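One structure is given here, and the rest of the page talks about it.
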Amino acid sequence: MQFPVETIEAMIYTIRGHRVMLDSDLAKLYGVVTKVLNQTVKRNLKRFPNDFMFKLTSDEYLFLKSQIVTSKIGSGGKQKQPLVFTENGVAMLSGLLNSDRAINVNIAIMRTFTKLRSFLSMDSSLKGDIGQLKKDTNYLFKIVFERLDDLEDGLPEHPKDRKRIGLKGNIKS
């Protein structure tokens, strides 16, 4: 079973400076109920330190709900703040959920996180290049304007009674 990178990318959010995935999104990908995934995690809490998995605060959950379409609290939707898993947490899940589907899902997720990391690396490299280009351009403009100022100061004065060359008056065709 193939999982398109775009589908997985849409399930990755940045919260508290970490790229994370919601427990419900992971459950959908793994083909299990969210409750089953969370029970598996609870039975293995030692494997999930805070940098692998954490529970969203109420404010984070409300903000996230405003960004994505989720059911309202009290109308059959999620009653508790969801757990979110960092890349390391998703990798740890792969050891707990050992079906063929879970293995394929984890491979696709790890590839997606790697792709996002390479984009971020490329983005910061481009920012550095653009910054250097701005510095170089400013320096070159400074030199050009200094040269123009020097030329303006050194232009020769021509006598007013000098003999002009070229055509005089209007040209008729």
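Values quoted throughout were computed directly from the atomic coordinates according to the rules given, and no laboratory measurement underlies them. Everything numeric here is computed off the predicted structure, so don't read it as measured data.
Observations on the model:
- Taking each residue as 0.36 nm, the span from residue 19 to residue 47 lengthens on full extension beyond its C-alpha to C-alpha distance by 8.2 nm.
- Contour excess over end-to-end distance, with Cα ends at residue 100 and residue 139 and 0.36 nm allotted per residue: 8.1 nm
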